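Student: One structure, as structure tokens, below. Some questions next.
The values are calculated or read from the model by the stated rules, or taken from the named source; none is laboratory data. Predicted, not measured: the structure shown is a model, and the values here were computed from it. Every residue, glycine as well, gets a Cβ built from its backbone with ideal geometry; the counts of neighbours run over all protein chains shown.
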Amino acid sequence: MWIRIIVCCLVFVMGSLVEVSRTTGAESSGKSQPNVLLIAIDDLRTELGCYGLSHVQSPSLDQLASEGVLFTNHFVQVPTCGASRYALLTGRSPQNSGVTRNNKAFYQGASALSAKQTAGAQTMPELFRRSGYQTTCIGKISHTADGRVFEYNGNGDGRDELPHAWDELATPFGSWKRGWGIFFAYANGRSREDGSGIRDLMEFKVERDEELPDGLLAQQAIKKLREFKQGEQPFFLGLGFIKPHLPFVAPKQDWEAFENVEIPPVPHPEKAESAYWHKSGEFYNYDMEFEKTRPLSRESRENVRRGYLACVRYTDRQVGKVLTALDDLGLRENTVVIVWGDHGWFLGDSALWAKHAPLERALKSTLMIRAPGVSEAGLKSAALVETVDIYPTLIDLCQPAFRQTEYPLDGKSLKPILTGEETEIREAALSYWNNAVSVRTQQYRMTASMKQGEPTKIELYDITETPDPVEDLTKSQSKVVKKLIEYLPRQK
């Protein structure tokens, strides 16, 4: 009798445990699995000390690079915020997703993510959430500034931009209105999008970091790390810093830090004779205290570059605070840290001031990974890598229990590069912009516009000579062009 009762109780308990595991993730990985800290930085080109630039002040990022692996040839899929982040978070190449420009791709058009949970994970944080991770978004990880669907003017329903991805959207707004208010912020709660008409290109007057959004983001991230320390689940924290995106706004100390720093001149400030050059419309729509001649004078160019570097310094200091907290809380040895720039940026190079071009400076961006016990400290890898490689790399490093994705992942794991076992994973990196496709090898970048499956407007540049589109080698290097055309995606 008693044996039968005990057996029945055990069956009931085991059944309950199975049901709990289904609701919290049958794939629950347990806290022993590596945590993930994904830091996205908007418009951060490889303008850092760790990339060999002595005039830049980026000690925190430089330190992280010395503790992990720095990728010197990382290329984004698309040179604009939303589409680049779509590739990062879905792991899909624009060749397969069709997202070659649209900043609203997550929630608008044929590529929109389903509001209903699908059999496979639609995005990276969703996959980790379904594996039992606590997932939190702070700042700009997808396209919107806080993970909620709102337009620049505030219109929108505020639904999650990434359905089923985050346990918590924890972006602080301070004295700004939500979303785009913090993204285009000036001091004292003002914003480019608040209806006041303010459009100053630069502002450096506050004293405290927390008087601007990125300081609040770092503060919130540290608070969440303390909570994660007390929790029972591994965490996936997406932390998206805003600067150095326009407008160039940072504390006064960051501007003053470059007062006596000699900023190298732009090597090729002249307008490029390229079919892919554009007018830098967003930049020139801001109000400037100096002339708006095109191209800007050398003095004005240096002034703007100083503003950009001040914003980089500000963000670097916020990254340093978060990484210090990670250390102080004893979380370092079990946390994979990735710092990723969502695309590059032209700083007066080729008379360009923006991204939005399938050329080297817009497509090349910062990437560094510290994976304790895996990555070789201080390694600088020249391997050609793409943003879509980050998703399969995290799966390889963390081994999440749930690994079904709604679409196949198009990238390759970088773990063999991190360990030093391999030095290359591909012969060419591909990027996209509208109907243009850009092919990057170790020596060359070829860009072509696809028309009915055939390449047109072909341009070829030797990147070992200069990253700028100075001398088109299409005619003189026809054999190289022919070879690189083979990497272009075939029309389906």
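Student: Within the stretch 163-188, can you find the residues that are in contact with a Gly (Cβ under 7 Å, 6 or more places away or on another chain), farther than 18 Å from V249 by Cα and of a type outside the set (V, I, T)?
Tutor: Passing the criteria: W166, L169.
Student: In addition: Quick check on the stretch 286-297: of everything there that is under 23 Å from A250 (Cα atoms) and not aliphatic (A, V, I, L, M), which residue is surrounded by the most Cβ atoms within 10 Å (Cβ to Cβ)? Steps first, answer last, please.
Tutor: Initially, the stretch 286-297 is screened for residues under 23 Å from A250 (Cα atoms), giving 286-292, 296.
Those left that are additionally not aliphatic (A, V, I, L, M): 286-287, 289-292.
Values: Y286: 17, D287: 12, E289: 9, F290: 13, E291: 10, K292: 11.
Per the criteria, the residue is Y286.
Student: Answer yes or no: is there a residue in the stretch 276-285 that is of a type in the set (S, T, N, Q), out of contact with any Pro (no Cβ under 6 Å at 6 or more places or on another chain), assigned by TED's automatic domain parsing to the domain that holds R226 and surrounded by fewer than 16 Cβ atoms within 10 Å (Cβ to Cβ).
Tutor: Yes, the conditions are met somewhere in the stretch 276-285.
Student: Quick one: which residue in D472, D410, D468 is touching a residue at least 40 places away in the same chain (Cβ under 8 Å) and in contact with a His (Cβ under 6 Å, 6 or more places away or on another chain)?
Tutor: After applying the criteria, what remains is D468.
Student: Looking at (1) more than 20 Å from R85 (Cβ to Cβ); (2) in a loop (DSSP other than H, G, I, E, B); (3) in contact (Cβ under 8 Å) with a residue 12 or more places away in the chain, can you tell me which one P163 breaks?
Tutor: Condition (1) is where P163 drops out.
Student: Cβ-Cβ distance below 6 Å, separation of 6 or more or different chains: which pairs start in the stretch 125-148 with a residue that is without any contact (Cβ under 8 Å) to a residue 40 or more places away in the chain and end on one that is of a type in the set (A, V, I, L, M, F, W, C)?
Tutor: E126/A165; G147/C137; G147/L169
Student: Further question: Restricting attention to helices (runs of 4 or more DSSP H) lying wholly within the stretch 194-311, give those where 1 or more residues are farther than 19 Å from F346 by Cα and of a type in the set (D, E).
Tutor: 213-230, 252-256
Student: Here's something else I'd like to know. Could you list, in sequence order, the residues of the stretch 364-395 that are of a type outside the set (A, V, I, L, M, F, W, C), within 17 Å of E424 (Cα to Cα) and part of a helix (DSSP H, G or I)?
Tutor: Within the stretch 364-395, T387, D389, P392, T393 meet the criteria.
Student: Across the stretch 338-370, which residue is nearest to L89 (Cα to Cα) among those that are aliphatic (A, V, I, L, M) and surrounded by fewer than 24 Cβ atoms within 10 Å (Cβ to Cβ)?
Tutor: Top of the filtered list is I338.
Student: Assess whether G344 counts as being of a type in the set (G, A, S) and either without any contact (Cβ under 8 Å) to a residue 40 or more places away in the chain or not in a helix (DSSP H, G or I) (or both).
Tutor: yes
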